[in-house]
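The values are calculated or read from the model by the stated rules, or taken from the named source; none is laboratory data. Remember, it's a predicted structure, so these values are computed and weren't measured experimentally. Don't worry about glycine lacking a Cβ; one is built from the backbone with ideal geometry, like all the others, and counts go over all protein chains shown.
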Amino acid sequence: MVDQPVVMLVDMVADRFVTGTPKRISREAPVLILRRDNEILVPGGGANAVANVDALGGRPLPLGVVGDDTNGRSLIDLFAERGIATRGIAVRAGFSTPTKVRILGGGRHGIKQQIVRYDIEDFLELGPDESSTFEEALAAWQGQARAAVLSDYGYGSVQPEMAATLRAALAPGGQVLCDSRYRLADFHGIDGATPNAEEAEALLDHDLNGDLDAAGNELRCKLDCSTLLVTRGSSGMSLFRDGAAAHLPVHGTTQVADVTGAGDTVIGTFALATAAGATPLEAALLANYAGGVVVMKMGTATLDRAELAAAISEDPGLLERISWASS
């Protein structure tokens, strides 16, 4: 998967973590006072999917929009420091880069626990400037990638009609994959999708606890996509394709540390493996391993190739534990 290009149209989000040590209860209100220890900003949302492709040795080619603000500029700087292309990232004046700020507290030498989170949210409609930035970048990348990702968090950078534009920029036979938080049904006709169980149930308007195989293939047909990978938390993942289903048990322990950004890791790994020529099952297996690694890390996390290889070596029998079903 080394140096495989992946075109990625994403909603750029900044994840900011502020950590502190408890001092006392405030006299002003029944709240904890923290002494600020540290503050970091990392790529979040669709930008985290980009970071995951990069960490695994791939070559993400991101398209997105940030605001002309501190958080937006910091995201661009982080990408540039990592050698990630930034020509496809548009900067819009007056737009606030979507940012999730998490406040964590705990003992100086202990694990910090999240106390509260607040979100800075702004929404946009793509204008001529952003469209021009995307078009110029795609023209420069024409035919390089065999996979494209749409990572839609609802902030406006990702629109369903862009799926056809991305497909036209891929090498022949390239695949367009989508992860959409609120409106996956609008991306009808994509090649693959990676909803979690709650998102799948919302699209189906019923739960997955009954006939999972039938439900998964019903959703795949509803989306008119060839491959559907449903992430199911501690129950693992389920892959649906051509009327068949493969249920992958969770890698690692079911006791997780933090699920923040796990879905971004899944679609990033799945897309990178697809770009490298993996079959859907092989890509799903790698995504399953990768997801199992990052949920054992605190905060918005990525994993590298060594960590992925170690996970496979530690759990080589996962393939044998897959359960199969066909229509």
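What pairs come out if I take residues in segment 298-322 that are over 13 Å from MET1 (Cβ atoms) and in a loop (DSSP other than H, G, I, E, B) and pair them with residues that are among the hydroxyl-bearing types (Ser, Thr, Tyr) and at pLDDT below 90 whose C-beta lies under 7 Å away, six or more apart or interchain?
Final answer for the pair search is GLY299/THR260; THR300/THR260.
Considering each of ASP213, ASP191, ASP258 in turn, give the residue that is over 27 Å from GLN159 (Cα atoms), acidic (Asp, Glu) and free of Cβ contacts under 8 Å to residues at least 60 places away in the same chain.
Just one listed residue meets the conditions, ASP258.
Tally up the residues in segment 1-32 that are more than 30 Å from ALA306 (Cα to Cα) and either under 16 Å from the mean Cα position of the chain (by Cα) or surrounded by 11 or more Cβ atoms within 10 Å (Cβ to Cβ) (or both), please.
Qualifying residue count for the region: 6.
In segment 7-95, which strands (runs of 3 or more DSSP E) lie fully inside it and hold 2 or more residues that are within 28 Å of ILE111 (Cβ to Cβ)?
Qualifying strands (runs of 3 or more DSSP E): 12-25, 32-45.
Pull up segment 66-118, narrow it to residues that are crowded, with 17+ Cβ neighbours inside 10 Å and charged (D, E, K, R), then point me to the one that is farthest from ALA137 (Cα to Cα).
So the residue we want is LYS112.
Which numbered condition trips up ALA262, out of (1) modelled with pLDDT under 95; (2) in contact with a strand residue (DSSP E or B) (Cβ under 7 Å, 6 or more places away or on another chain); (3) hydrophobic (A, V, I, L, M, F, W, C)?
Tallying (1) modelled with pLDDT under 95; (2) in contact with a strand residue (DSSP E or B) (Cβ under 7 Å, 6 or more places away or on another chain); (3) hydrophobic (A, V, I, L, M, F, W, C), ALA262 fails exactly one: (2).
Quick one: what pairs do we get from segment 29-41, first residue closer than 23 Å to ARG73 by Cα, second aliphatic (A, V, I, L, M), C-beta under 6 Å, 6+ apart or different chains?
That search, which allows pairs on different chains as well, returns GLU39/VAL18; LEU41/ALA14.
Here is a yes/no grid of residues against (1) in contact with a Lys or Arg (Cβ under 7 Å, 6 or more places away or on another chain); (2) surrounded by 20 or more Cβ atoms within 10 Å (Cβ to Cβ); (3) of a type in the set (Ser, Thr, Tyr):
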position	(1), (2), (3)
GLU125	no, no, no
PRO128	no, no, no
SER131	no, no, yes
GLU135	no, no, no
LEU138	no, yes, no
VAL149	no, yes, no
TYR153	yes, yes, yes
GLY156	no, no, no
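Any residue that is farther than 27 Å from TYR182 by Cβ, more than 18 Å from the chain's Cα centre (by Cα) and modelled with pLDDT of 95 or more - is there at least one of those in segment 285-306?
The answer is yes, given that some residue of segment 285-306 is farther than 27 Å from TYR182 by Cβ, more than 18 Å from the chain's Cα centre (by Cα) and modelled with pLDDT of 95 or more.
Among the residues of segment 49-59, write down those that are surrounded by 24 or more Cβ atoms within 10 Å (Cβ to Cβ), over 13 Å from the mean Cα position of the chain (by Cα) and not hydrophobic (A, V, I, L, M, F, W, C).
Once the filter is applied, which keeps residues that are surrounded by 24 or more Cβ atoms within 10 Å (Cβ to Cβ), over 13 Å from the mean Cα position of the chain (by Cα) and not hydrophobic (A, V, I, L, M, F, W, C), segment 49-59 yields only GLY58.
Quick check on segment 233-252. Is at least one of its residues of a type outside the set (D, E, K, R) and within 16 Å of the chain's Cα centre (by Cα)?
yes
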